[in-house]
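The values are calculated or read from the model by the stated rules, or taken from the named source; none is laboratory data. Quantities reported herein were computed from a predicted structural model and do not represent experimental measurements. All Cβ positions, glycine included, derive from the backbone under ideal geometry; neighbour counts span all protein chains shown. The accessibility values were calculated without ligands, DNA or RNA, using every heavy atom of the protein model including side chains. Shrake-Rupley method; radii C 1.70, N 1.55, O 1.52, S 1.80 Å.
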Amino acid sequence: MSPTRISRWIVLTDLDGTLLDHHNYQAEAAKESLSLLAQHNIPCIFNTSKTFAEVVQLRQQLGNSSPFVCENGSALFIAKNNAETAGFSTDQADYNSEIIATPYADLLRFLFQARQQGFSFRSFNDMPASEVAAMTGLDEQQAWLAKQRCASEPLLWQGDDHSLQQFRQLIRQHKLQLIQGGRFYHLMGDADKASAIGFFRNYYAHQYQLAPSQIGVIALGDGENDRNMLEQSDQPVVIPAACGQPLTLTHSQTITATSPGPAGWNQALLAWLEKHY
Ligand SMILES: [Mg+2]
């Protein structure tokens, strides 16, 4: 794939530890690149494990009205053409959405049955917001937003390793997956952060009257759950993790930012924009 075929670029970015600082969840250091992307009409699509309710708040704060992807690739949202809200609504009814993976109600039904079979865990749906806050370090209002889910469920495993293996087997039988995150396991259907790439190539090809292959994707991420998205992009940008080694990719175009979080995000995109615009 030669980059010369590309006429328009779009950005897909992870949030935590990438656009947002790992510790204070701020994007301040990336302001300059964010506003340059907006000036060049390059969509900046958030692609995150966060929920709809969390992302719409952040989009408002950052003045971002691009489409976005929630819950590790399992649901995507595009603001409806509404002059009043101008793409910043916090009401899900103002968005067209596509649930790519298994809907939340089906996940809860699965967990209910698993518990009846004797598996031991505690998931977000079992926890009041105060408990989610205590587990995650979010404040209670943010924890409440994190509990509003549509296609994935974080859980703490309370059984032993052997029962976890059996639980994984049951998950595979139901065509679901269990992803290990920092603090939690995430139960979800068959999707990941790369699932949105094909969708947005087609979506913007249609918008710009181009072929999907003419839409270039810059992807930025810092974690293992970003790997497929980065590998399947045209221009992967690895943001060094706050602790531990940066991801190593097989993609020949890989850029690794010089610092973690939004400062690295800013530096890498400024350098890239300077070269391409
Ligand atoms: Mg991350």
Practice task
Please determine, in degrees from 0 to 90 and to the nearest 10, the orientation of helix 104-116 with respect to the longest principal axis defined by the Cα atoms of the chain, where the helix direction is its Cα long axis.
Solution key: 30
Handout entry: Convex hull projection area averaged over all views, the range 104-188, Cα basis, nm²
Key = 5.2
Exercise for the section: For helix 161-173, report the angle its Cα long axis makes with the longest principal axis of the Cα atoms of the chain; keep it between 0 and 90° and round to the nearest 10°. Expected result: 60
Practice task
Could you state the orientation-averaged shadow area of the convex hull built on the Cα atoms of the chain, in nm² to one decimal?
Solution key: 15.0
Problem - Selection of trypsin sites (Lys or Arg not before Pro), the range 175-206, meeting DSSP coil and at most 11 other Cβ within 10 Å - result: Lys175, Arg183
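D for the range 21-84, whole µm²/s, Stokes-Einstein with Kirkwood Rh over alpha-carbon pairs at 4 °C and 1.567 mPa s: what number? The partial results should precede the final answer.
Working: Rh = 12.7 Å.
Approximately 102 µm²/s, per Stokes-Einstein.
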Handout entry: Quarter of Cα convex hull surface for the range 128-277, i.e. mean projection, nm²
Key = 12.2
Exercise for the section: Could you tell me the distance between the Cα centroids of the range 32-84 and the range 209-277, to the nearest Å? Expected result: 17
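Taking all protein chains as present, what is the carbon and sulfur share of the accessible area of the chain, in % to the nearest whole number, probe 1.4 Å? Before the final figure, lay out the partial values.
Values: 6140 of 13230 Å².
With neighbouring chains kept in place, the figure for the chain is 46 percent.
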Exercise for the section: Specify the angular offset, from 0 to 90 degrees and rounded to the nearest 10, of the alpha carbon long axis of helix 52-62 from the longest principal axis of the alpha carbons in the chain. Expected result: 30
Completion exercise
Looking only at lysines whose Cα falls under 18 Å of Lys193's and that sit 8 or more positions away or on another chain, we get Lys50, Lys175
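Probe of 1.4 angstrom, ligands and nucleic acids ignored: what's the accessible area per residue over the chain, in square angstrom?
Values: 13230 Å² over 277 residues.
That works out to 48 Å² per residue.
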Handout entry: 222 nm mean residue ellipticity, helices alone, for the chain (DSSP H n ≥ 4; -39,500 (n - 2.57); rounded to 500)
Key = -10500 deg cm²/dmol
